[in-house]
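A short worksheet on the structure shown next.
Laboratory data are not the source of any read-out in this text; all were calculated from the coordinates shown. Fair warning: this is a prediction, and the values are worked out from it, not measured in the lab. Reconstructed Cβ throughout: ideal geometry from the backbone, glycine too, with neighbour counts over all protein chains shown.
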Amino acid sequence: MDASKQSSPKRERNPFIKANIISKWLFLWMHSVFRKGRREELDASKLYEHLPSFDSESLTRNLQPHWEKESKKKNPSLMRLIFKVYGWQFVPVCVLYSLLEMAIHSFQPLLLGGLISYFAYGQTTVTKESAYLYAMGIVLCSLVTSLVFHPFMFYVFAVGTRVRLACAGLVYRKCLRASASSGEGLGGQAISVMSIDLSQFDLTFYFFHDLWKGPVEACIFGYLMFRQVGWTSLIGIAFIVILIPLQAWAAKASASFGTQSAKHRDARVKLMNEIIGAIQVIKMYAWEKSFGRLIAAVRQSEVKAIRGSMSIYAALQCTNMISKISLFLSLVAYVYVGDLVTAKKVFILSSYYGLLNDSLLHYWPMAITTWAQTLDVITHHAALDLEAIEADKQQVKRVLSQVDRTSKQLSKGEEEDPATVQDENGNAEQQLQGAVSYDTYKAYFRALGAPFLVCLVLSMFVLARGCQALMDIFISRWATWEEDRGYDSMDDYEATRTKMVIWYTVLLLLTLALFLLRTFGFFFMCLRISLTLHDQLYHGIIRAWMYFFNANPSGRVLNRFSSDIQNVDVNLPQAMMDSLQFLVDVVAVLVIVAIANYWLLIPAAIMVILLYFCRALYIGASRSLKRIESLTRSPIYSHTNQTFHGHSTIRSMDAMPQLEQTFHGHQNTNSSALFLYVSANRAFSFWTDLICVVYILAVTFSFLVINQSFYSGDVGLAITQSMTLVIMCQWGMRQTAEMENNMTSVERVLEYAQTPSEPPLESPKSVNLAAEWPQAGHLRFQDLRMRYSPGDEDILRGLNFESQPMEKIGIVGRTGAGKSSIIQALFRLALNEGTIEIDGLDIGKLGLHDLRSRISIIPQDPVLFSGTLRFNLDPFDEKSDESLWSALEDVKLKKHVSSLEGGLSCRMQDGGSNFSMGQRQLVCLARAILRQNRVLVMDEATANVDTETDILIQETIQTKFAECTVLTIAHRLHTVMDNDSVLVMDAGQIVEFGAPHKLLQRKDGALLKLVNQNDAATVKFLKKIASESYMRRNRRDSLTISEE
């Protein structure tokens, strides 16, 4: 059965299926998508049906028996399995493509050398017909490369995606069948593998052929260069080869920094997940600053690791200078040997060194690194095999945080509702519309807070590229000067040559220095901006109103802190760097070519116009498809996470097949979006390449067609520069689009950073708040109205009541009556109208921390955080050990905590899972004791604990909080029938307020109706509690009066 039909609307058939081979090869079938994207904003409803070859369920089903067979072996290997099942699909194609690419790379520089020879001063060996053939060969090499490269990359992407989908299906199936005792740790691993690790397969197969291509090309090019300039060519090759170990070290260090930053990012996202999941409790405890410090510490460690990897990336960005240095070393050696420098030799060497630089120093290490990371991923994936988990726990590289840990404040019943488990609609994120605005770019750079520094760093791009262009022109003119023999004597020749070498050296060193300054300056500037944006995001979220968290599922909020911040940290600076470099490169190339032949400004202008229109056609669809792909990815992780939260319900209702169908449906929707997004990228790159090939044709043949003489150096320079446009344009144009796509992360971060904020945390100076306020705990509600968000209806409607100091008040009512809303109003978590006074002071005038830190709360669900028990009791580290042990003794936990390793410093596991529910509630009670406040709120604190803990809590409340005002939200009436007063709520209004015994005397009273809903024995028991408590209180009041 096709899983998508279970969870997706009927979609239009993908035009790729009915396209002919020419349309597929040239990506012509994409024109309808580009047209749609240009006319309107695409959304998920416009997606086509997924391709049958990408069907998640079929791929998983096909891989399952192979994996089962492999897992029975002594040393099971997922890598071996992938090559066995999918190897025939990609290995032969990669071998054939690499052979073709090596042949083109070998011949094109020789053809270029032949054409340049035609323009050499006084040459007679190369005829015009031969020159035309050389020119045709140059253009054909570029054309064949463009025609083959993108269809090949598109093909290997499809193979990688099929592997990823099949492996993700296996992971989900394994997790779905895991025992409930495997717990959230396995859920975290599953989401880690799906969201981060398996996406590696989208890249891995792109680089398979580069594993051997670099070394083979080095041998071939070395031989061809040796034939041109003899042993001096080996100096340049030796320089490149010497740098390979350095490159390998850089790759290893980068991977190490990457692992560190991933570990710290996981810790930060896990912490943010806890914060978002328990945001209401954190606000009520006034612990925002404490968690802010924790986040800041983890973030600093993460940024330190990112700075390390960024430094390496910045250094590697300067590797295009290596080919220049290799050329410099070979030419200088060649000059001092006494040989003549010709334009032909210069540009053949320049071309080969440029190609070697790419294949040996760029793609080969990248291929090794990518496949090493893939092996790491495979280890991680294999560790998810349930039998292996226990044995191999230490080998699992990292356990990422869970995504979407229940978004809203759900009641217990809702958490276990299978409908809730399966409902993903609430997790679909809003799709930002339209292009990224100029204001977003402005806000991004403004975050640095130093506009002069931004201008200085950006100007370095122009200076560095200008200096490089000067160096290129200088070499071409030098070669022309040598060929023309523009000197009077040998002494003059030697002196001029020495000057040439000196100038060449100065230009090279200056260019290198400017490149390093430009690159490092830019990346460190971006990292500073990223730090600021994360701080703004954290501040925006932690200070947001509670209605924000009710309206936005935690997965959506967490996405900002995970993938969006990662984009801003790493992907955006890289894409922006490439885009700026592309811009200055294109201008430099067009200027250099125009210097050689000003008529070439005409095809250059046409090319720029065509590229602009091509990008305009592409950008709308690409931006939308990128956003849709991100949106359709979230439900996969949310669904996996919710599967773990509803594990027991799923098992009891035998809902595994339906959930697996839903998972495959989400995968299919996402693969449909990803397929279109990658197709758009490939189509755009393919078409821009063809435009650039036409420009190369114009440049190459212009020197032959235009009837005037040209310097051989200028011809070589113009053609080699125009040839660099192919890679430059398709990469650069894509990176400008990628930059804009990544800027949507900045847009999303800024959107949440600018979320409407709660009132200030600190009280204004005009409020003279006593340090010991409140002393009496005297509450007064006057015409209190409350709503959760600005557009909502009132939840509390005109509440008026007053408590006596130290009074114990139970608040009862049906579900939805507004009981818990009173807590929201008291802690100012929602929008209040009217007044609440505590000891005569209007709480609306206080800073939120001043208010919330003076009221204690014991919540319905005991919330413990990862970290030590000490942190959970006293996050600000204000209390002494004696105070903490005393509080633990009061709640009968001292003996248990003493027996744990570390005592107060014992570690809490996820949500305090190493403590029982009762123990967790007792820790919350110990928190309340430590705060020593005069007002205590209990939100049905004994609803989820055993009878023994219930009695202990009630006794502790009576003894430790005897002199406090206590408000108890009660769902079970027996917990409040001995209170001084009971407040009965209905539909957001107070219907009764008074002593429970007196209220029960009222015929048709609201409290009596609630009591009478129980069986006769319980009714009798509840009335007896109320009566005895009333009598006891009356006797105590009488004694007090007589003593006075």
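Data table
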item	result
DSSP bridge pairs, the chain: antiparallel proportion in percent, nearest 5	55 percent
Given charges at Cβ of Lys, Arg, Asp, Glu: the chain dipole, positive-most of 64, 795, 905	64
Order of 695, 547 - criterion: other Cβ atoms within 10 Å of each residue's Cβ, fewest first	547, 695
Residue 878/residue 989 FRET efficiency (R0 56 Å; Cβ-Cβ; nearest 0.05)	0.90
Size of electric dipole in segment 779-1043: Cβ of Lys, Arg +1 and of Asp, Glu -1, about Cα centre, debye, nearest 20	560 debye
Unit charges on C-beta of K, R, D, E only; dipole of segment 870-928, Debye	240 debye
Lys pairs, segment 779-1043 - Cα-Cα below 18 angstrom, 8 or more residues apart or on other chains	19
Assigned charges on the beta-carbon of Lys, Arg, Asp, Glu; the chain dipole about Cα centre (debye)	1020 debye
5 angstrom amide H check on residue 807, placed H, neighbours 5+ away	966
Residue among 838, 957, 866 farthest towards the positive dipole end of segment 779-1043, charges placed on Cβ	957
Kirkwood hydrodynamic radius of segment 1-127, from inverse mean 1/r over distinct Cα pairs, in Å	20.5 Å
Gyration tensor over alpha-carbon atoms, segment 700-793, equivalent ellipsoid semi-axes in Å	74, 17, 9
Segment 779-1043 pair-distance distribution - Cα-Cα, 5 Å bins, rounded %	1, 6, 12, 16, 17, 16, 14, 10, 6, 3, 1, 0
In order through segment 841-854: 3J(HN,Hα) via Karplus (6.51 cos²θ - 1.76 cosθ + 1.60), integer Hz, x for Gly, Pro	9, 5, 5, x, 8, 8, x, 4, 5, 4, 6, 5, 6, 9
FRET efficiency, 1/(1 + (r/R0)^6) with R0 22 Å, evaluated for residue 455 and residue 587 via beta carbons	0.75
Tail beyond 24 Å, pair distance distribution of segment 887-1044 (Cα, percent)	46 percent
Using θ = phi - 60° and Karplus 6.51 cos²θ - 1.76 cosθ + 1.60, couplings along segment 883-892 (whole Hz; Gly, Pro as x)	4, 5, 5, 4, 5, 5, 5, 4, 9, 6
Proxy reagent accessibility, fewest Cβ within 10 Å first, across 31, 974, 150, 666	31, 974, 150, 666
Reported label for calculated semi-axes √(5λ) of the Cα gyration tensor in Å given (i) 72, 35, 27; (ii) 70, 30, 25; (iii) 98, 40, 33	(ii)
Projected area averaged over orientations for segment 733-786, convex hull of C-alpha atoms, nm²	7.6 nm²
Gain upon complete extension [residue 21, residue 1035; 0.36 nm per residue less C-alpha separation]	355.4 nm
Segment 685-701 - phi-based ³J(HN,Hα) in whole Hz, Karplus 6.51/-1.76/1.60, Gly and Pro as x	5, 4, 5, 5, 4, 5, 4, 5, 5, 4, 5, 4, 4, 4, 5, 4, 7
Cβ-based charge dipole, segment 442-484, positive-most Cα from 461, 474, 450	450
Lys pairs under 19 Å by Cα in segment 24-172, provided they are eight or more residues apart or on distinct chains	6
Built amide H within the under 5 Å cut-off of residue 995, gap 5+	982
For residue 813, distant residues with modelled amide H under 5 Å away	985
Calculated [θ] (222 nm, deg cm²/dmol) that DSSP helices of n ≥ 4 give over the chain, each run adding -39,500 (n - 2.57)	-22500 deg cm²/dmol
Residues residue 256 and residue 147, FRET efficiency given R0 of 41 Å [Cβ-Cβ distance, rounded to 0.05]	0.55
Burial ordering of 877, 472, fewest other beta-carbon atoms within 10 Å first	877, 472
